[in-house]
Amino acid sequence: MKRRRRMNELAMAAAVAMMVSGFNMGAMAAEALAAEQISISECVEKVTAVTYVGDDGEMTESYVVTVDDAAAIEGLTKDQITAVMEQTNRETKEVTEVPVEIKDILVDGATLTIELTSPVSSNAVVNVNAGEKYDLTFTSETAERENFSIADFQALSFMGSNGTEILYRMRSGSGEKQPLVLWMHGSGECGTDNRIHITANRGATAFAEYTDDAYVIAAQYPESYHTPFEEGEEKIMEDWLAAYTELIQSLIEEGKVDADRVYLTGASMGGGLVLRYMTDYPELFARVVAMCSRGTINEDLSVLEAVADKPIWLFHAESDFVNPSVNSKEVYEKLVELGNKDAKLTIFSDEDLEKLGVGFSHAIWAPVLNDMEMMEWLFEA
């Protein structure tokens, strides 16, 4: 009775916008409100976006709607659910709606699962509507996210002796004295939320998916830096790397990590961190992978003498216009000059990128992280 009275009140108001349990109820025509509707939005307790980390970042494959009254979703069918994704033209800023195909729905008591035919970016705005009979409208922006790719990654923090805090995610290994893989993220994932750096791409999750028998850590760098460094940036990096090293040493001392099997990896800004980290702490790492790196050491390549015998694999796209490929070429050439027989360099041509489906020449981390040859090489040591 309370719901029927509420619907009548809405009909008298003709079209209003309300927020019910965090979901956007759009304006409705008076005649639709007066129809025989079942108001799901009024009894929604939670909407969860079920996500995973893919090559293009965090992707949503389904939505789970939990209600406090199972009768509200009883009889709901797939044909009554519609979904559209908002797309914004970068130049004109015009927003258009693209249909999102619903693969199936499952009504199980007080839970409604809406499965999408193809996953969509979790950053995209998706509007879901249950049509005229069932009053349910929500947007992806207000849905909680449940990401099964990072379910095993604990959100942790470590305070270095220099007062620098390291925010990081860690997937534990399956036993004692396990290998440790470090992932250094790009500039778009800097900050303090301790999440975006592990969901923006498969940088950390790729290694966790490759093997259960390793610790995997992705630490979040606080802010981006320039090359050459601007005022204060080099000191921030030095302090951060020092604190990070203390964290790694603590895991080794606790018997969790094998000191002879610590692997350093990263891309873009993180690739620049990799180059700096490996030359500042050369004894810490068994193998190194750096992708599309910033030139953090190119002004003084003599620092590479510290890693003249280190297995290092550099990846870059020839036409990278964010971080030029000369960054990796110069490092490789210097390593060869120093007699490093374990250095490797892979340069992707435009033709290579096209075959791999990479439309943005800087973003080579996707094919590299999917490369089993790289994975096997990394874990050889």
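General observations
- Of the strands (runs of 3 or more DSSP E) lying entirely inside region 126-233, those containing at least 1 residues that are over 24 Å from MET372 (Cβ atoms) span 137-139, 144-147, 153-159, 165-171, 215-220.
- Selection within region 200-222 - among the polar types (S, T, N, Q), surrounded by 24 or more Cβ atoms within 10 Å (Cβ to Cβ) and in contact with a Ser or Thr (Cβ under 8 Å, 6 or more places away or on another chain): THR205
- Verdict on ALA70 being among the hydrophobic types (A, V, I, L, M, F, W, C), surrounded by 12 or more Cβ atoms within 10 Å (Cβ to Cβ), over 28 Å from ASN370 (Cα atoms) and in contact with a helix residue (DSSP H, G or I) (Cβ under 9 Å, 6 or more places away or on another chain): no
- Test for GLY255: is it in contact (Cβ under 8 Å) with a residue 12 or more places away in the chain, more than 30 Å from ASP300 (Cβ to Cβ) and not aromatic (Phe, Trp, Tyr): yes
- Among the residues examined, ASP258 does not qualify as over 18 Å from MET375 (Cβ atoms) and out of contact with any Ser or Thr (no Cβ under 7 Å at 6 or more places or on another chain).
- Strands (runs of 3 or more DSSP E) contained in region 59-124 and holding at least 2 residues within 24 Å of the chain's Cα centre (by Cα): 82-88, 111-121
- Close contacts from region 307-334, counting a first residue that is in the same structural domain as ILE297 (by TED's automatic domain parsing) and within 11 Å of ARG294 (Cα to Cα) and a second that is assigned to a strand (DSSP E or B) and at pLDDT 95 or above, with Cβ to Cβ under 6 Å and a gap of 6+ residues or different chains, come to HIS316/ILE347; SER325/HIS316; SER328/LEU314; SER328/HIS316.
- Some residue of region 239-257 being over 24 Å from GLU376 (Cβ atoms), at pLDDT 95 or above, in contact with a strand residue (DSSP E or B) (Cβ under 8 Å, 6 or more places away or on another chain) and not in a helix (DSSP H, G or I): no
- Pick from region 370-381, criterion part of a loop (DSSP other than H, G, I, E, B) and of a type in the set (D, E, K, R), ranking: modelled with the lowest pLDDT: GLU380
- Taking the numbered list (1) closer than 22 Å to ASP260 by Cβ; (2) surrounded by fewer than 23 Cβ atoms within 10 Å (Cβ to Cβ); (3) over 21 Å from the mean Cα position of the chain (by Cα) in turn, LYS329 passes all entries but (1).
The values are calculated or read from the model by the stated rules, or taken from the named source; none is laboratory data. Note that the structure is a prediction, hence the values are computed from the model and not measured. No Cβ is skipped: glycine too gets one built from the backbone with ideal geometry, and neighbour counts run over all protein chains shown.
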